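The next block holds one structure in the form of structure tokens; read it before the comments.
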Amino acid sequence: WKRILIVCFAFLMMYLISFIIDPFSPYWGNFFKRDWTKVSRDLATSFIFCFIVSEVSILISNRFNQSVPWTNYPGKRFTIEIFLNLFVILAVQLIINFFKSRMNGKPLTFGFGPGGSVEEARGMIQWLVVSTIIALFIVGIHIGNYLISNWKNEALKASELKQVALDAELQSLKLQIDSHFVFNNLSVLSETILKDQMLGYAYAENFSRIYRYLLLNAKKDIITLEQELKFLESYRFLIEHRFSNGVQFHISADESSKNLYMPPLTLQLLVENALKHNKTNRKEPLIVRISTDNAQTLTVENNMLPIAKVQDSFGIGLTNIKRRYQLLSKRPVEISKANNCFKVTIPLLKL
């Protein structure tokens with residue numbers, strides 16, 4: 001329906017603008033006095049012209065929506081689209097006039113060569129003005145259509161992202177009140193205080209930092225990698241003291257990567273996923289490696305020590321992470337299993 005609308009709009013505008021520019025032209029006075037076959041041929045030719053121009057303009061617009069989007073290069077895009085539309089209009093009109101002259105047995109002069117007339121020259125100039133205005137109108141339609149579609153997509157993404165963030169917030173609240181999580185850590189805290197009061201104090205401090213982080217950041221769409229790593233340090237402290245040498249962490253992050261962004265709780269969910277599906281024992285520890293690279297990605301990988309029965313988890317896992325990245329970035333989350341290693345690679349984002 002958009003194609004039909006643009007064709008009809010161009011067709012009506014061509015006649016309307018031509019009439020407004022020169023309403024006293026003999027062309028309008030004799031328009032319906034001519035033979036009906038000539039009138040029909042004139043209207044059909046104009047409609048074909050508008051159809052070709054409209055279809056080509058849609059093709060041009062779709063072609064440049066990816067390479068030269070309006071939101072990033074408005075001036076460049078406007079210049080390119082106007083120039084190409086004018087070129088197409090001139091080319092199509094030249095071809096149509098050529099065939100008309102052949103059918104009428106007259107040379108193609110446009111009023112400027114031998115045998116041309118002042119009326120033809122004026123008509124040619126008028127047609128150039130009309131074509132330019134039509135090209136501007138068509139480009140305006142494409143701009144409006146693109147901006148409206150883009151606005152709808154962004155609104156839809158924002159709505160879905162809000163829903164995913166609410167899911168993450170709900171799960172983080174479950175983590176805060178999860179009886180197993182609280183009981184296990186309080187048990188470890190009690191034992192630690194009896195053995196070493198300073199270590200017990202450090203354990204309680206990291207325990208409180210986790211809750212503070214969840215309360216402050218669960219509602220956010222993105223945070224810096226540096227903030228996420230600081231939270232992971234507290235989470236890691238609890239895990240390492242709870243499982244002793246059954247879990248080992250190897251973290252290597254470039255300083256330049258720490259200013260990039262990611263969804264909050266991503267690292268906690270990935271570490272929790274590793275703990276959920278694997279054994280943790282001192283003889284054969286679960287090793288979690290977290291690293292960044294020059295491609296602005298972060299990799300979380302662990303050796304695979306599968307357990308017979310997967311325990312219930314208070315996290316939302318890989319599904320939520322993938323959904324968030326589908327809304328935040330065109331770069332996908334990559335998950336792989338090879339050589340007894342489970343690896344998740346996530347893109348780091350720029351504002």
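List of remarks:
- Per residue, the solvent-accessible area of segment 215-351 (1.4 Å probe, heavy atoms of protein chains only, all protein chains present) comes to 53 Å².
- Once backbone amide H atoms are built at 1.01 Å from N, GLN248 has LEU286, ILE287, VAL288 as its partners under 5 Å, excluding neighbours fewer than 5 places away on the same chain.
- Dividing the Cα radius of gyration of segment 237-335 by its Kirkwood radius returns 0.98 for Rg/Rh.
- Rolling a 1.4 Å probe over the protein chains gives THR292 an accessible area of about 20 Å².
- Electrostatic bookkeeping for TYR261 treats Lys and Arg as +1 and Asp and Glu as -1; over the other residues with beta carbon under 12 Å from its beta carbon, the sum is +1.
- Separation of alpha-carbon centers, segment 15-46 and segment 194-263, rounded to whole Å: 77
- Heavy-atom accessible area ranking, 1.4 Å probe, most first, across TYR325, TYR146: TYR146, TYR325
The values are calculated or read from the model by the stated rules, or taken from the named source; none is laboratory data. Nothing here was measured: the structure is a model prediction, and the numbers come from that model. Heads up, the Cβs are rebuilt from the backbone with ideal geometry, glycines too, and the neighbour counts pull from every protein chain shown. The protein model used for the area step is the full one, side chains on, heavy atoms only, and it has no ligands, DNA or RNA in it. Shrake-Rupley method; radii C 1.70, N 1.55, O 1.52, S 1.80 Å.
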